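Only the coordinates and a few stated rules stand behind these numbers; no lab work does. The structure displayed is predicted, hence computed values, not measured ones. Don't worry about glycine lacking a Cβ; one is built from the backbone with ideal geometry, like all the others, and counts go over all protein chains shown.
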Amino acid sequence: MGRELAIADFNYHLPEHRIAKYPLAERDQSKLLVYKNGAISNDSFENLPDYISKDDLMVFNNTRVIRARVEMEKETGARIEIFCLEPHKPVEYQLSFSQTESCQWKCLIGNQKKWKAGVLHKEITVDGKQIAFSAEKLNATDNYAVIRFGWTGGLDFGSVLDSFGQTPIPPYLNRKAEAIDEIRYQTVYSKHKGSVAAPTAGLHFSKRVLERLTEKGVCMEEVTLHVGAGTFRPVQHHDALQHEMHVEFFSVHIDLLRKILANTGRLTAVGTTSMRALESVYWLAVKQMQQAYDLRHSELKQWEACQLPQDIPLQEAISLLIAKMEAAGLQCLQASTQIMIVPSYTFRVCRRLITNFHQPQSTLLLLVGAFVGDKWKDIYNYAFENGFRFLSYGDSSLLEN
């Protein structure tokens, strides 16, 4: 990158009592901070449709949070927590969830000093049926361990996880998952299992807000990006550009690409995950223009966008990508992205962002800083002064670029 980006410039004091530990009784009763044309105001999230025009395109992340925390116990009584990150074998999410005997996942291990080797066993009950469940550590790296899960009873892995896994609420809540999290740490429009963290901007949407947007004629489309645990990892290097960004998997249907081409209003990304997917699609299209690659193996590395041509119009790039997908008989682009969006980044697709208030010195705050510039400090100061709640279960903002 040829420069430094001091992460200390993206720090702020976040007292424990300003972190929302639980969701509000009603999703759409959270506060909404509105940033437009340099001015900041506040409203209730239930009034979001008042700020969206019928010509606008809104894009939601329809991923579904899985019960990724699995508790096991050794014969000695030592408790081992296994946090499922992403499938390893088979690597495709839906294939992994549909396995009926065994599968392998990349996982984080809690109390792993107590589990050097051996197979852990657990008896569980699913739909009144006794199931023998096991976990075996195959190998480990600095970042994760590969765990082979096995079970009896012929059930698919998705059902097994649903039966005794726990909702992976954020570590900064400093509490165990409760019954309310099973419902509220999930968007009302979630569909495809795979995330180990919620796309939290979507948690504010209620059915009545979505109905009002529909009645207004707003075009609403979806992407699927499975949110990884890396979203909670703080930037620990003093130079943020030295941070290794996590990889996330996403899919975008060709119909959404056509809607982007036809869109005459503003595109609003519902959450940083939707934004990350959409911006990545643009760069994958530009990459395709430079060097034709197999669209079935699309990936965008952390700083790859910086090395590609910067002057390709959105319409030209997306048009070519649609043509390539049609020629390959692909209805859906499935890809991985490691893109890290930091200040100085120029947004190609998204003009508005709905997002929560993020942790100090996080990659998500860097993204917000890239979107609104130094105004992020004024926005966050305003949120503090006006009683906004922070982080995953906190309040929301509508930011215009």
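Values for this structure:
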{"quantity": "Enclosed volume per residue, in Å³, of the convex hull spanned by Cα atoms of the chain", "calculated": "154 Å³"}
{"quantity": "Taking the range 69-165 and dividing mean pair separation by its residue count, relative contact order in percent (alpha carbons under 8 Å, at least six apart)", "calculated": "29 percent"}
{"quantity": "Members of Lys36/Lys287; Lys106/Lys137; Lys74/Lys193 lying beyond 21 Å, as alpha-carbon distances in this model show", "calculated": "Lys36/Lys287; Lys74/Lys193"}
{"quantity": "Computed over the range 72-121: relative contact order in percent, which uses C-alpha pairs under 8 Å that are six or more apart", "calculated": "44 percent"}
{"quantity": "Segments 233-240, 109-116, 289-296, 166-173 sorted - mean Cβ within 10 Å per residue, highest first", "calculated": "166-173, 233-240, 109-116, 289-296"}
{"quantity": "Distance between the range 1-80 and the range 192-218 - C-alpha centres, whole angstrom", "calculated": "13 Å"}
{"quantity": "28 Å Cα-Cα threshold exceeded, pairs from Lys89/Lys122; Lys207/Lys377; Lys259/Lys301", "calculated": "Lys207/Lys377"}
{"quantity": "Pairwise FRET efficiency - Ile183 versus Lys89, Cβ, R0 = 41 Å, nearest 0.05", "calculated": "0.80"}
{"quantity": "Over the chain: helical MRE at 222 nm, DSSP H runs n ≥ 4 each giving -39500 (n - 2.57), nearest 500", "calculated": "-7000 deg cm²/dmol"}
{"quantity": "More than 18 Å apart - percent of Cα-Cα pairs taken over the range 344-401", "calculated": "28 percent"}
{"quantity": "Set of aspartates and glutamates with alpha-carbon distance to Lys113 below 16 Å, sequence-local pairs under 8 removed", "calculated": "Glu71, Glu73, Glu75, Glu81, Glu136, Asp142"}
{"quantity": "Helix 314-328 vs. the chain, principal-axis angle (Cα, 0 to 90°, nearest 10)", "calculated": "40 degrees"}
{"quantity": "Candidate aspartates and glutamates for bridging to Lys31, where Cα separation is under 16 Å - those fewer than 8 sequence places away on the same chain excluded", "calculated": "Asp43, Glu46, Asp50, Glu385, Asp395"}
{"quantity": "Considering only the chain, percent of DSSP beta bridges that pair antiparallel, nearest 5", "calculated": "70 percent"}
{"quantity": "Angle in degrees between helix 272-290 and the longest Cα principal axis of the chain, rounded to the nearest 10", "calculated": "80 degrees"}
{"quantity": "Ratio of Rg to Rh over the range 69-165 (Cα coordinates, Kirkwood Rh, two decimals)", "calculated": "0.94"}
{"quantity": "Selected from Ala117, Gln291, Thr264, residue furthest toward positive end of dipole (the chain; charges at beta carbon)", "calculated": "Ala117"}
{"quantity": "Theoretical FRET efficiency, 1/(1+(r/R0)^6), r = Cβ-Cβ of Trp303 and Glu123, R0 60 Å, to 0.05", "calculated": "0.80"}
{"quantity": "Efficiency of FRET from Cβ geometry, Asp55 and Gln310, R₀ 25 Å, rounded to 0.05", "calculated": "0.35"}
{"quantity": "Length-normalised contact order of the chain in % [C-alpha pairs under 8 Å, at least 6 apart]", "calculated": "23 percent"}
{"quantity": "Simple spin-label estimate for Arg3 and Glu211 in nanometres, 7 Å along Cα-Cβ", "calculated": "4.9 nm"}
{"quantity": "Phi-based couplings in Hz for the range 174-180 (Karplus 6.51, -1.76, 1.60; Gly and Pro marked x)", "calculated": "6, 7, 7, 5, 10, 4, 5"}
{"quantity": "Dmax and Rg, reported as Rg then Dmax, of the range 1-101 (C-alpha, Å)", "calculated": "21.8, 62"}
{"quantity": "Gain on full stretching of the segment that runs from Ser336 to Ala140 - 0.36 nm per residue minus C-alpha separation", "calculated": "68.3 nm"}
